[in-house]
1. Would you be able to say whether some residue in the stretch 33-41 is free of Cβ contacts under 8 Å to residues at least 60 places away in the same chain and either β-branched (Val, Ile, Thr) or on the phi < 0 side of the Ramachandran plot (or both)?
2. Just need a number here: residues in the stretch 272-298 that are part of a strand (DSSP E or B) and open to solvent by less than 40 Å² (accessible area, probe 1.4 Å).
3. Condition test on Gly206, is it touching a residue at least 60 places away in the same chain (Cβ under 8 Å) and not assigned by TED's automatic domain parsing to the domain that holds Gly21?
4. Has the stretch 226-237 got any residue that is crowded, with 22+ Cβ neighbours inside 10 Å and not assigned by TED's automatic domain parsing to the domain that holds Val17?
5. Please find, among Leu161, Leu115, Leu107, the residue that is more than 11 Å from the ligand (Cβ to nearest atom) and either outside any strand (DSSP E or B) or modelled with pLDDT under 95 (or both).
6. In this structure, does Ala246 turn out to be in contact with a Ser or Thr (Cβ under 6 Å, 6 or more places away or on another chain) and of a type in the set (Gly, Ala, Ser)?
7. Return the pair list, or none, for Cβ contacts closer than 7 Å from residues in the stretch 290-309 that are within 10 Å of Ser23 (Cα to Cα) to residues that are aromatic (Phe, Trp, Tyr) and open to solvent by 10 Å² or more (accessible area, probe 1.4 Å), at least 6 apart or on different chains.
8. Just to check your reading of the model, which residue among Gly324, Gly331 is more than 16 Å from the ligand (Cβ to nearest atom), at pLDDT 95 or above, in a helix (DSSP H, G or I) and assigned by TED's automatic domain parsing to the domain that holds Leu165?
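The values are calculated or read from the model by the stated rules, or taken from the named source; none is laboratory data. Only a predicted model underlies this, so the values are computations on that prediction, with no experimental measurement involved. Here the Cβ positions follow ideal geometry from the backbone for every residue, glycine too, while neighbour counts run over all protein chains shown. Side chains included, ligands, DNA and RNA excluded: accessible areas come from the protein's heavy atoms. Shrake-Rupley method; radii C 1.70, N 1.55, O 1.52, S 1.80 Å.
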Amino acid sequence: MTTTVAPGTGIECDVAVVGGGLSGTLAAIMLGRAGYRVALVDRNAVFPPEFRVEKIGGDLVSRIERIGLLDAVSANAARFDEIVNARRGRVLDRTRTPHFGFLYENLVAAMRASLPETVTLIVGRVNDLKTSSDRQQVFVHEQGMVEARLVVLATGMGDLLRRTLGMERRVIHERQSLTFGFDIRPADGSFKCSALTYYGERVSDGIDYLSLFPTVTGMRANLFTFRDHRDPWVKAFRESPTETLAATLPGLRKVLGDFQVVGRVQNWIMDLAVAENCRQDGVVLIGDAYQTSCPAAGTGFSRLLTDVERLCHVHVPQWLATPGMTADKIGCYYDDPAKQAADASALAQAKYRRSLTVDTGLAWRVRRLLLVWRRRLVDRLGRLSPGTVARLRTLSGRPA
Ligand SMILES: Cc1cc2nc3c(=O)[nH]c(=O)nc-3n(C[C@H](O)[C@H](O)[C@H](O)COP(=O)(O)OP(=O)(O)OC[C@H]3O[C@@H](n4cnc5c(N)ncnc54)[C@H](O)[C@@H]3O)c2cc1C
């Protein structure tokens with residue numbers, strides 16, 4: 001149910017979720033399914049076309065299936081089961097697992113369409129929060145108030161409400177990465193593969209990889225770089241994306257076919273940051289509101305899913321079963337080992353992807369070479385006939 005709160009009036013519920021992007025909507029679904037009365041407040045009735053995660057695969061697909069939301073995700077997404085991985089005009093190997101490509105606004109819309117009856121979606125901008133160890137008040141601009149036992153803050157990278165609560169944002173790495181999103185079409189006929197991950201060709205280019213994948217509207221591209229946003233290359237790429245991409249990745253046409261970048265090139269400069277002073281009465285942070293992720297590492301979705309699962313399946317039921325909502329209770333969520341491991345792993349992977357792309361130290365140069373060789377070798381071994389594999393095993397002294 002979508003509604004507004006009339007000025008001077010209020011709505012009462014168990015949990016008020018502020019922010020109806022991916023993390024807030026998932027939290028509202030899980031809490032609503034558990035039978036809690038939830039108010040989900042977002043400033044937009046429909047999530048706008050903003051650039052965020054656009055592809056999922058691997059373990060994340062199984063996790064989404066386990067929470068019963070894969071049908072919703074796949075309804076407005078394109079499924080693909082093979083990704084060609086290539087570099088310098090040569091195929092390295094192929095990834096064969098189910099993947100889905102989508103536009104973020106469609107993903108959020110599909111999630112919102114899955115909200116159970118117990119969730120009320122309120123469209124409006126929250127401009128103030130009053131929190132305490134018992135009841136919380138959420139004030140919606142030019143509307144009324146939502147009263148709840150707990151506020152879940154899922155406002156993404158926006159700082160305003162966190163600052164209202166005296167929470168800091170500790171920047172771990174300013175301008176850690178620069179990511180581009182755009183549509184790409186074959187210049188003649190069709191592409192040579194339905195999905196492609198193409199790695200940067202030279203360290204000096206600062207390109208980690210270009211990910212090409214289908215969505216329901218055609219082929220989409222995410223270009224993950226660790227370049228400075230003021231670099232002249234960035235300007236050149238925005239002005240002439242097709243030519244700049246072809247010049248920077250000269251082997252791309254060989255594995256993909258001739259291409260043309262079409263429409264608007266979106267870009268995003270990511271600061272890696274984590275919220276501090278968030279162990280407070282009555283309010284808890286999830287998703288990007290708690291910690292941002294490096295797009296190239298592809299950990300944002302899985303990290304926020306861990307936040308939501310641990311919060312909604314483990315902690316909220318315990319908190320609501322006893323009176324009060326003190327900072328001590330809330331602290332159990334931030335101390336949760338599964339959450340801490342997901343947060344730490346996301347930061348470690350962000351650091352790793354950046355070093356693997358731009359670090360010129362000997363250790364990283366060797367690591368890059370070994371990675372490419374290992375992938376080629378594993379791919380070739382995988383293509384050998386069972387008889388050859390058995391003979392190789394015998395030669396190496398391993399049982400066939
Ligand atoms: C360019 C880019 C590429 C990415 N690529 C990947 C990837 O490939 N893989 C991956 O796993 N992750 C990726 N990520 C990360 C992932 O997209 C995010 O972690 C995820 O979208 C965060 O969701 P969220 O719900 O926390 O925030 P958001 O989706 O930003 O939602 C925040 C919501 O809060 C609402 N809001 C804010 N303030 C208020 C207010 N005062 N009142 C009411 N509503 C409010 C907003 O309207 C919005 O709906 C990428 C991120 C970016 C930026």
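1. Taking the stretch 33-41 as the starting set, the residues that turn out to be free of Cβ contacts under 8 Å to residues at least 60 places away in the same chain are none.
No: zero hits.
2. Initial filter on the stretch 272-298 (part of a strand (DSSP E or B)): 272-276, 280, 283-285, 291.
From what's left, open to solvent by less than 40 Å² (accessible area, probe 1.4 Å): 272-275, 280, 283-285, 291.
Count: 9.
3. So Gly206 fits the description; yes.
4. yes
5. The match here is Leu115.
6. Judged against the criteria, Ala246 is not a match.
7. Asp307/Tyr290
8. So the residue among Gly324, Gly331 that is more than 16 Å from the ligand (Cβ to nearest atom), at pLDDT 95 or above, in a helix (DSSP H, G or I) and assigned by TED's automatic domain parsing to the domain that holds Leu165 is Gly331.
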